[in-house]
Every structure is written in structure tokens, then in C-alpha cells.
Amino acid sequence: MSKKLATRSAQYPLMAEFTFNVLDTMVNTSGANDGFATVATHVFDVINLPAYATVVGGEVVTESAITGSTAYNVSVGDSVSPTRYLSVTDKTTAARTALVPTGFVGAGENIRLTVTPTVAASTGGTITLRVMYVIRGRGNEVQAA
């Protein structure tokens, strides 16, 4: 056992952001170029987190309403749990949905975004994913006693 001392350092939360238009394309988790618009399930690793990162907040914001699809389902997680931070949520209308931090300390798993347009292909709309996280053992400032 080791003798513990009170911490004297603090760190700023880091924020990563990923914005996409439903007409954009990206390489998916299978290594194929894929789009965000067609009626299917599309899975992308969109934010690379370092080892020992803990998500402490975030949001998915529909910046401009999704058109064409009846529903535009979004979930946010990682390779271990695809819905760790947000279960399947319809994001067709312009609105904000908060992520639900779990206290999970990662080993470097990327933030994974899964999108599933339904009934018809999406023809427009923009969504932003923001993830706020801290890294275990990191300090930006030292507090004096």
C-alpha cells in the first residue's frame, strides 16, 4: 500500500467536436467509405480519446433539421458499448440532447457515432457532437496550500 496525499493540482476539461452534414461521407468502422444519409445503420469512430480519458459531459446538437428521413436515429458510445453515452435518439428536429457520462475510464477507445436514417434517405441537415473529458493523472494548475 502507498501513503496518499491530498491533491494540489487541477485540470481543465478538454472538449472535442465533430460536425457533419448528412450528405457527407467518411470511412466507417469496417474501413469502407460510407455516407450518413442512406437508410441503413452507419457506424463511425469520430473522436479519438487518449488512454485514461473519462467523459464528463457533452451533447448532440441538431444544428439544422434533418430532412427526407422520417427519423434520424443517433447513438454515441465506443467499441465496447455503442450506447455508453447516448442511447438511440431521434435527432430530426433542431434541438440539443445531453450525453450521459458513466464514469467509465477508457483505455483509448474512440468515441463511436452510430446513425440510422429510417424510411427514406436524408436530404439535408447538420449535426454536431461535442464530448467533454478529463484525463486521469493530468494537471494544468497547482493549487498552493
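Structure data summary
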item: Solvent-accessible area per residue for the chain (1.4 angstrom probe, square angstrom); result: 53 Å²
item: Overall dimensions of the chain as given by Cα atoms, namely Rg and Dmax in Å; result: 17.6, 61
item: Percent RCO, i.e. relative contact order, over the chain, from Cα pairs under 8 Å lying at least 6 residues apart; result: 39 percent
item: Fraction of accessible area attributable to carbon and sulfur, the chain (%, probe 1.4 Å); result: 54 percent
item: The stretch 84-145: proportion of alpha-carbon pairs further apart than 15 angstrom, %; result: 66 percent
item: Area accessible to solvent at ILE66, 1.4 Å probe radius, in Å²; result: 10 Å²
item: Within a Gaussian network of the chain (alpha carbon springs, distance under 10 Å), most fluctuating of SER122, SER64, SER81; result: SER81
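The values are calculated or read from the model by the stated rules, or taken from the named source; none is laboratory data. For clarity, every value in this text was computed on a predicted model and none was experimentally measured. Heads up: the accessible areas ignore ligands, DNA and RNA and are worked out on the full protein's heavy atoms, side chains in. Shrake-Rupley method; radii C 1.70, N 1.55, O 1.52, S 1.80 Å.
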